[in-house]
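Have a look at the structure below, then the notes.
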Amino acid sequence: MECIILNILLPISIPNTACLATAATAQALSRTRAWGKCAVFAALVLASSLATGQTRPANLGTIRLEATDQDQRQLGSVHAELKDAAGAVVGKPRSASGHAIEFDSLLPGTYSVTVSSPGFETVTQESISVAPSKTEEIVLVLRPATEKQQVDVAAVAENIPATSSSVAGLDRDEVNHLPSHPATVADALPLVPGVVRAPDGAVEIFGANETQSSLLVNNADVTDPATGQFGPTVPVDSVESIEVAKTPYLAQYGGFTAGVVSVATRRGGDKWHFELNDPLPEFRIRSLHLRGIKSVSPRFTFNGPLIKNRLFLAESIDYSLSKSSVLTLAFPYNENKKTSVNSFSQLDLVVSPKHIMTATFHVVPSRARFENLNFFNPQPVTPSLVSHDYGATVIDRLETRFGLLQSTVNVRRAEARIMGQGAENMVLTPRGNRGNYFGRQNRRAERFDWMENLQFPAFKFHGAHTLQAGLSAGYSVDKGIFRPRTTDVTGVSGELLKRIEFTGTGRFNRNDWETSSFLQDHWAFNDRFSVDLGARWERQDITQTNRVAPRAGFSWRPFRGQSTTVRGGAGLFYDRVPLNIYAFNFYPQQIITKFDPLGTALGGPRKFTNLTRGRRRARFAPPVSLENTNYFSPSAVAWSMEIEHPLSNLLLVRASYLHRDGSGLITLAPALVAGRDALVLGSGGRSQYRQLEFDARLSLKKERRLYFSYAHSMSRGDLTDAAAFLGNFPQPVVHATQFTNTEASVPNRLLVWGDFALPMKFRVSPLLESRTGFPYAVRNVLQEYAGTPYSDKTRFPTFLSVDASLAKDFQITQAHAVRVQLRGLNLTNHFNALAVHANNADPKFGQFFGNYSRRFRLDFDFLF
């Protein structure tokens, strides 16, 4: 949405001395209350008119406008067009002081103005009232013409209702001041209702893990082709907006069963702009003594024109050296160490008003030591990760006589090397683990995608139609080696109870071709009711499956005035199967031996063969034998309803319900097959998700916003250890699958956050989160599930965190400023447990411990 500021200020036609006096007076008045301004401004208008000795015709008025970007920098090359209430173009713009434009000698009445600038979205302001002998001051804020906003170069029908998809959005400016201080897209996602960060750090989207969702950057898929996880995400300083859609009913989206995270990046402006955020390190102070640097995370961002009105550059570089403390461990053995560089570059070339090209480059080398550090896995037991992620995308948008054609080429590469801290065997005990991490892994995954998308010109046939069609082809490869070592399971006294050994080379090399096409129609019967109809066809060669996914949605404004909006839809969704699923048959096989308390083997060793039992979903397909390993096709059927209503110009409320059932999900569990032990990778998993959500958005005025959401949800499914065993950090124990709560099941969650601009350039941003505690799994002395894992009876205490940040910009020069931000975290000092003794053989079983108490952080940013 465009930000529009309407104020009544002073006439411009006054002599220099009056200007100086008026400016000084206005500056003093900026510290007074708004109602006081109006009265004094009216007096100044009269005084200025007397001082100049000039008079205006009694029946004519003036509109004076300025166009700025989102950083409140004035735009130079601006085109403005003024229309009267009948839609006729009136008046001729003339230049005023600075970059302002004036339309004078206007008859009293209502007007609309449209403003455009190269490289920015066109903005129209309606219902501008012009009074006799008055000047209406208007400031229009133009947003950069990012990828998702470039559709304005194609002809589209007017007055078409909004799409049926329900979308929750985040704006870069909104999240940049929050006390959570997100540095990447993944850090900002938990601000969206229905999105939580699980205890293991992964992002859960509407009751499903990352592998069941899709991450798009400028409509290009950037998930890891091997694991299906998001991996390193774009720096938040490069982001224009973040949208999270609950199972969108548009056929153009594919490769997911839960949700779609769509990121639009910001392009360079027509003036150079620089930012240096968090340049100063955070020092570690213990017992009033300086103990080195705890973290340093400078973020440098700059953007501007390389060639005026033609070629634009935007660059964000984040460097991070972090030594995060784990409060449940003793210093100095309680820190994990991470170093990374996150660089995102974007070039935008305006070939012509109808032809725009964009190229982005994302490079993220990183190194993490002591990953997944916690009380039960101290430093020697944890793995280290060295990774390199690369991505390049080229997008060409061209308006043709057939419509808007968008061509995209996307290349991704992810390299990962995981190793332990030493060569000792890993030992699992009820009180905590010892030894070194059991696995060593090297992996390289690559993907190449080519996509064509054509949006046809809108046409009339029993309403207005906007047709869109697309096709894509992609090739991916995953190669590497996994070498696990012996793992022992011991009792409380250290007695050996179980030994897990491995046999096999562990080398894998898998590749896959994917193709897809879609057709969708946004059909607007009138300006109050529209439907989205479409279907998507997908084929993944390695799965030997063809998938057809029909989808339908609607948007309805039942009352005149276009206030209340009702949305809904239903559809079938198929998930992309990551390549690591097909590397499973090449993984080393487990040999498990159990012992009695005296150390005597209970029978001989049991060898578990790696098998897959993928089956076709089609009801009348021929039976599939155990050797047919490729038939995987996880899917979900979902429907939703939503009603949205603005109670006033300031308050918007929304209620929604989401219902999703998944089937064919991939599970990994031990089983007895044809008389032999096996670890079976199956396709019989299912899931259920229900969510009732209430949202409210309060916008008092520019830069004063408050967001409220409450979500009541139910998330259940078969425990899917396939991702846990086949991901970056495999676990040696494979559990039996049970249908129960998911790991990040949160029945109740309240989220409130806001952003308020205060006088004297202060800015306060509160953040409150209260939710049901996460469930946990109880294990026995053999590290197997005891009872029903993740049940409602075994949950952490209620989580409550009240945070806030206070920021102020200090203007050093006209072009340079320093921003100081004080962040307060867990201000109520609520006990939010970090861990629980969950093994029933542990003497401390059931005790919660660990908590981040009230703390403060001071940050500095340089703006120039």
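The values are calculated or read from the model by the stated rules, or taken from the named source; none is laboratory data. Predicted model, so just to flag it, every value in this text is computed and none were measured. Please note: Cβ atoms are built from the backbone with ideal geometry, for glycine as well, and neighbour counts cover all protein chains shown. Surface accessibility is based on the protein's heavy atoms, side chains included, excluding ligands, DNA and RNA. Shrake-Rupley method; radii C 1.70, N 1.55, O 1.52, S 1.80 Å.
Take the Cα of residue 339, step 7 Å along the line toward its Cβ, and report every residue of the stretch 381-416 whose backbone nitrogen sits under 14 Å from that point.
It comes to 385-387, nothing else.
Round to the nearest 0.05 the FRET efficiency obtained for residue 321 and residue 392 when R0 = 30 Å and r is the Cβ-Cβ distance. Intermediate results must be reported in sequence, preceding the final value.
Values: r = 26 Å, r/R0 = 0.88.
Computed FRET efficiency for residue 321 and residue 392: 0.70.
Between residue 602 and residue 748, take the C-beta separation as r, use R0 = 51 Å, and let me know the FRET efficiency to the nearest 0.05. Mind dumping the intermediate values first?
Values: r = 45 Å, r/R0 = 0.89.
Given R0 = 51 Å and the Cβ-Cβ separation, E is 0.70.
Tell me the label-point distance for the pair residue 511, residue 526, using the 7 Å Cα-to-Cβ offset, in nm and rounded to one decimal.
Distance between the two pseudo-spin positions: 5.7 nm.
Which value in nm describes the separation of the simple spin-label points at residue 655 and residue 686, placed 7 Å from the Cα toward the beta carbon?
Once both label points are built, they end up 3.0 nm from each other.
On full extension of the chain, what length is gained from residue 671 through residue 537, given 0.36 nm per residue of separation minus the C-alpha to C-alpha distance? Write out the running numbers ahead of the final one.
On the way: separation 134, 0.36 × 134 = 48.24 nm, distance 3.45 nm.
Difference between extended and current length: 44.8 nm.
If you roll a 1.4 angstrom probe over the protein chains with everything in place, what fraction of the accessible area of the stretch 294-334 belongs to carbon and sulfur, to the nearest %? Write out the running numbers ahead of the final one.
Values: 1190 of 1890 Å².
After summing per-atom areas, the C and S share lands at 63 percent.
What length, rounded to one decimal in nm, is gained on full extension from residue 355 through to residue 471, with 0.36 nm per residue of separation minus their alpha-carbon distance? Provide the component values of the computation, followed by the final result.
Values: separation 116, 0.36 × 116 = 41.76 nm, distance 2.06 nm.
Once the chain is fully extended between residue 355 and residue 471, it gains 39.7 nm.
Can you spot the aspartates and glutamates whose alpha carbon is less than 13 Å from residue 308's alpha carbon? Ignore those fewer than 8 places along the same chain.
270, 348
Would you mind getting the accessible area per residue of the stretch 771-864, heavy atoms of the protein chains only, 1.4 Å probe, in Å²?
Numbers: 4640 Å² over 94 residues.
On a per-residue basis, the stretch 771-864 sits at 49 Å².
Reachable aspartates and glutamates from residue 498, Cα under 14 Å, same-chain residues fewer than 8 places away excluded?
The reachable aspartates and glutamates, counting only those whose Cα sits under 14 Å from residue 498, are 488, 596, 784.
What accessible area per residue, rounded to a whole number of Å², is obtained for the stretch 445-531 using a probe radius of 1.4 Å? Please list the in-between numbers first.
On the way: 4020 Å² over 87 residues.
Heavy-atom accessible area per residue stands at 46 Å².
Could you check how much of the accessible area of the stretch 654-721 is carbon and sulfur, as a whole percent, using a 1.4 Å probe?
Details: 1620 of 2810 Å².
So the carbon and sulfur contribution to the accessible surface is 58 percent.
Apply the a/c threshold of 1.5 to the C-alpha gyration tensor of the stretch 212-258 and tell me whether it is rounded, prolate or oblate. Don't skip to the end; give the middle numbers.
On the way: a/c = 2.08, a/b = 1.19, b/c = 1.74.
Oblate, because a/c is 1.5 or more while a/b does not exceed b/c.
Kindly report the accessible area of the stretch 188-229 per residue (heavy atoms of protein chains, probe 1.4 Å, no ligands, DNA or RNA), in Å². All intermediate terms of the calculation are to be shown ahead of the outcome.
Working: 910 Å² over 42 residues.
Using a 1.4 Å probe on heavy atoms only, each residue of the stretch 188-229 averages 22 Å².
Distance cut-off 27 Å, Cα to Cα: go down the list 354/460; 479/607; 338/808; 338/479; 793/844; 83/134 and report the pairs above it. Each step should come with its number before you reach the end.
Values: 354/460 23 Å; 479/607 25 Å; 338/808 30 Å; 338/479 25 Å; 793/844 18 Å; 83/134 18 Å.
In this structure, 338/808 lie more than 27 Å apart at Cα.
Extending each Cα 7 Å along its Cβ direction at residue 849 and residue 444, get the distance between those two points in nm, one decimal.
4.5
Classify the stretch 331-475: rounded, prolate or oblate, from the alpha-carbon gyration tensor (a ≥ b ≥ c, eigenvalue square roots; a/c under 1.5 rounded; otherwise prolate if a/b is larger than b/c)?
Prolate, since a/c reaches 1.5 and a/b exceeds b/c.
When the chain is fully extended, how far beyond the present Cα-Cα distance does residue 820 get from residue 840, taking 0.36 nm per residue of separation? Kindly include the intermediate steps, with their values, before the conclusion.
Details: separation 20, 0.36 × 20 = 7.20 nm, distance 4.88 nm.
Stretched out fully, the residue 820 to residue 840 stretch lengthens by 2.3 nm.
For residue 323, go through the aspartates and glutamates and keep the ones whose alpha-carbon is under 12 Å away, minus same-chain ones fewer than eight residues off.
Counting by Cα, and skipping residues close in sequence, residue 323 has these aspartates and glutamates nearby: 282, 335, 371.
So, R0 is 22 Å and r is the distance between the beta-carbons of residue 809 and residue 857; what FRET efficiency does that work out to, to 0.05?
FRET efficiency, residue 809 to residue 857: 0.75.
Carbon-plus-sulfur fraction of the accessible area of the stretch 805-864, 1.4 Å probe, in percent?
Numbers: 1950 of 3250 Å².
Heavy-atom surface of the stretch 805-864 belonging to carbon and sulfur, 1.4 Å probe: 60 percent.
Rounded, prolate or oblate, given the Cα gyration tensor of the stretch 710-823, with a/c below 1.5 counting as rounded? Provide the component values of the computation, followed by the final result.
On the way: a/c = 3.91, a/b = 2.44, b/c = 1.60.
In terms of gyration-tensor shape, prolate.
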